[in-house]
Structure formats: C-alpha cells, structure tokens
Amino acid sequence: MAIAFRYAARSDVGRVRSKNDDSAYAGRHLAVVADGMGGHVGGDVASASAVMDLTSLDRPDHHGDGATVLTDEIQNANQNLARLVLGNARLGGMGTTVTALLADQDELVVAHIGDSRAYRLRGDEFRQVTKDHTFVQRLIDEGRLRPDEAESHPHKNVLMRVLGDVDASPEIDVETLRPESGERWLLCSDGLNAVVRPETIQSVLGSTDDLNQIVDTLVELTLDRGAPDNVTVVVVQVFRTDDTAPVPQAGEVRGAVPDPDFARTSDEITADAAGPSADRRPSESSAAALRRDLAARPHLLVGAAANATQTGRIPTVSDSVLERRATLLRTSAPDTLADPQDVESALHRADATVPSPRRRRHRRAVAVLALATAGLMLVAGAWLTSGWISSQYYVGEQQGNVAIYNGVSQSLGPVSLSDLERATDLRVEDLPGFAQDRVRNAIPADSLEEAERIVRELRESVPEEATGSEPRPTGTVQRATASPTASPTASPAASPGGAG
C-alpha cells in the first residue's frame, strides 16, 4: 500500500547572516532541503530554483520509477541553474545542495548532493542516511582523518559536489528504501548539524508527536548556540494511506492558500495532478502558474523559496513541467532593465497618437537638450567607470600559470580593460578540473588582498599527486565561515565557494 507524509518545516536566517540562502518544501509525497551558495546575489536564487523545480513531484503517481524520476528532475534543476546564469551574469558561480525524499507508492526514494543531511529515526534506531560530499568526509573515508577531527579541519567547508553552472551532469546519490509506518525523517541544512550534536537531534526527533514542536525546538537550539549560518529543518513522518491518516497539524497547509485570481475547478486540479501536460491559461504568467500549482495541494514552503513566491521574484516554470522551470522572471538582485511588457505598452501608447507640428518642434528641442545632458552624463559615467575598473582585480590565466590582474576580464573592441598585476608559479593544469575552469573564466576580486587570498586557496586545492606533499582539497565549493565581523555572505567565485 502506498505511503505518504505528515510534515513540518521551518527556516531561519540565523544570528550572523543577513540573508537566508536556504529553501525547503514539504508536502504529502515530497520533502526537499536546499542550501544555496553564491554570495549576495545567487545563493537564494539557486536554492529557490532547485526547490521550485522539484515541487511538481508532490503527487501520488510519478509515471515511472521514482528513483529515476527524482534523479532526472534534480539534473533538470541543475541545467536550469546554468540557464539562469546565462541570462544573468551576476548569478555566475551560484550553486546549491539538494537533499530530497520522495514517496513512491510503497517505497521511499532518497536523493542527495552536497552536505545537507537526511536522518532517519525508526524505533530506537537513529542514523544519518546521507553522506556529506565534503573534502573532510573523503579524508575520513580514506582513513586520513578521524571523525572527531573534522570540525577543526581548515578545509571543513569545502564541498566536492553541488548543483550549479559548472558540472552539466553532477553525480547524485540515490537510494530506494522500504519504510516502516511511523518512522520519522529529518532533512536539514548544515546550519543545524554544525552546532547541534546527533544525540540531541535524535532525542528531539523522538520527543513528541507534534512535528511542528520538533522543528521549532531544533531551530531554537541552533539559535541559542549562536546560529552562525542559516538553519532549515524539515521533519516528515511516514504513514500508509490505507491507515487512518493522522489529523493534519497546525501549520501543515501554511502557504497553500489558493490565489483568488486563479480559482480552479476540481477537474483542473485533477488535470494538474495527472502530470506536466496539464494546460495553463494562455494569459497566465509562469509565476502565476507556479503559484496556482502550489495552491492546489497542502504544503509548506520556507526560506528563500517562500520569500520568492511572496515577492514575485521567483524562478518560474514554463511548459514541460511547464517546460522544466527554465527561466527566471525575477532574481534576488535589484532590477536593472525595464519590464519588456512595460516597454511594449509604452510603444503602443506612443503609436496611438500622431503629434502636431508644434508638438514635433517641442520634442526636437527636448531631444537636443536630452542629448546634451546625455553627453555630459556619458563623460561623467566614463570617468566613474574608469575609477571603478581600476579598483577591481581578478585571478586568471597567463601563459599557463595562475595570475592576478588589475581591472575586469573584458574588453571594448581591441581595448583590454585589465593589466597583469602579478604572475605566479602555480600551474593551472595542476589544479582540480573545477578550479581550472574557474581560473580560465576569471575569478573576480574586490581588492588585491582578496585576489591574493584566492591564489592561496587555489594552491591549497592542488591534489596531493600534483604536489607530492600532504593531501589538499579538490572540492568544488567552499562555504564562507561566518563571523560577526565578517561579511555575511561570500561568492563562490571568490573562494572556492560561497555562503549557504
């Protein structure tokens, strides 16, 4: 007999960070936690996009093998992140972890990439089901590091695998299990397990039947212990649908209030549940379609994804789950371009009236004044731009070696906007593949000191076989370690990774 979930979820920005880059979704058949990274622009977009891409799986029939379906959707989410970066260069380097549970008939599928975790409590048995994709975990697996040494290791934040715009097909850990009715699962970002010990998590997870109380207790424990990172917790309890379903807890349907502008009949809701081929209204935006889709079923959406749906700045869906949730209507960054629909409306309004000769003369005078003003602004802008460019640095490649450049890695026709500041003896070919790509694509830095720090971290990432010395991390992403005096977020393009 098929299984389903009772669930509860909560996300908090923590005590140190200024923005929540975590996202989570919990529903009757799906639970997901994503921990984004990528600095002040990209982290929340990455986690929200990944979570939104998976929400369509929250249905009882997946029309195929659950493990394959979930893995494919996560890979699609990865491709969508790459598309978002192509559409907005400021999102470059963003990435996210993903840990997901999918109820597939009478089986439970667990999919995982990164260091967000899944724990299972079955009776008195409590264990961590997922394995962190971190550099220190690899050292532990190889017997080079004891588990109790991991927290103090200088490279504990280096991730080996994440979703993002670097690997077109990252390796996803997937496991299919036969769950028992009543067992509980905890999904969490590393903001929880970084400060709350597993024994405490186990104790709280089995302490009460109120799942909302469990997630609140775990988050409050994290906050009491300083919460240096965002913290997100999802708890689900498995039940069999032939059993009497437990009464939904207060808060379980939070965020599932139907949008009155898109009220639907039961037939339309049933069509959506049948799969991605359901029609949507021709005049309806992708953002509205996503909100309407979410409103069709009970669920909880927390963190950056919840904020995105509330503000309308959401990674949207198009037509093949409505086209694989491929485009971004809005991002967390401030808008820099006018809305195309606003521009089109303005053009139609302008064409609707034919100006008189007097009005045309007036417009010519205004145009001359505007051109003169624009000329002055261009001169001032060029001077300011030149000053800004001279304050920028980046780490790139120079004749096969890692080098520091002053300026930006672009040009205006034949004119380069950067100069070589300093060459190093570090060979690009000695770096891990991910680091090589980042160097060849240029790693931006806001100062010479930051560029030098990036070079130091690249040296530390050189594999042991390339140096003949002690092992060095070859991870793809390193989370910034937060402190009250440090910047609350950091871009993976400026470390080997970003803040989550």
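With one equal scatterer per alpha carbon and no solvent term, the Debye-computed log10 I(q)/I(0) for segment 1-144 at 0.09, 0.13, 0.19, 0.21 1/Å reads -0.31, -0.64, -1.20, -1.34. The modelled label-to-label distance for the pair residue 197/residue 410, using points 7 Å beyond Cα in the direction of Cβ, is 5.2 nm. 3J(HN,Hα) couplings calculated from phi for segment 112-117 with the Karplus curve 6.51 cos²θ - 1.76 cosθ + 1.60 (θ = phi - 60°) are, in sequence order, 7, 8, x, 10, 6, 10 Hz; Gly and Pro show x. Spacing of the modelled spin labels on residue 68 and residue 459, each 7 Å from Cα toward Cβ, amounts to 5.0 nm.
Once the other residues with Cβ under 14 Å from the Cβ of residue 224 are scored (Lys, Arg +1; Asp, Glu -1), what is the net sum? All intermediate terms of the calculation are to be shown ahead of the outcome.
Details: positive: 15, 197, 225; negative: 12, 216, 220.
Local charge sum for residue 224: 0.
As a fraction of the 1.4 Å probe accessible area of segment 88-184, surface on carbon and sulfur atoms comes out at 43 percent. If the chain linking residue 427 and residue 171 were pulled fully straight, counting 0.36 nm for each residue of separation and taking away their Cα-Cα distance, it would gain 89.4 nm. For segment 214-228, backbone phi angles converted through the Karplus equation (6.51, -1.76, 1.60; θ = phi - 60°) give residue-by-residue couplings of 5, 5, 5, 4, 5, 5, 5, 4, 5, 5, 5, 9, x, 6, x Hz, Gly and Pro being listed as x.
In this structure the amide hydrogen of residue 133, modeled in the peptide plane, comes within under 5 Å of the amide hydrogens of 114, 115, none closer than 5 places in sequence on its chain. For segment 393-461, the Kirkwood estimate of the hydrodynamic radius, built from every pair of different alpha carbons, is 11.9 Å. Applying 0.36 nm per residue to the separation of residue 131 and residue 210 and subtracting their alpha-carbon distance, the gain on full extension is 25.7 nm. Considering the zone a paramagnetic label at residue 241 would reach in this model (a point 7 Å from Cα along the Cα-to-Cβ line), which residues of segment 159-198 have amide N under 20 Å from it? Those under the cut-off are 176-185. A Förster radius of 51 Å, combined with the Cβ-Cβ distance separating residue 398 from residue 220, puts the computed FRET efficiency at roughly 0.50.
The values are calculated or read from the model by the stated rules, or taken from the named source; none is laboratory data. Every value quoted in this text rests on a predicted model; they were computed, and no experiment measured them. Because the Cβ atoms are built from the backbone with ideal geometry, glycine has one as well, and the counts that use them run over all protein chains shown. Quick note on the areas: whole protein, heavy atoms, side chains included, nothing else; ligands and nucleic acids left out. Shrake-Rupley method; radii C 1.70, N 1.55, O 1.52, S 1.80 Å.
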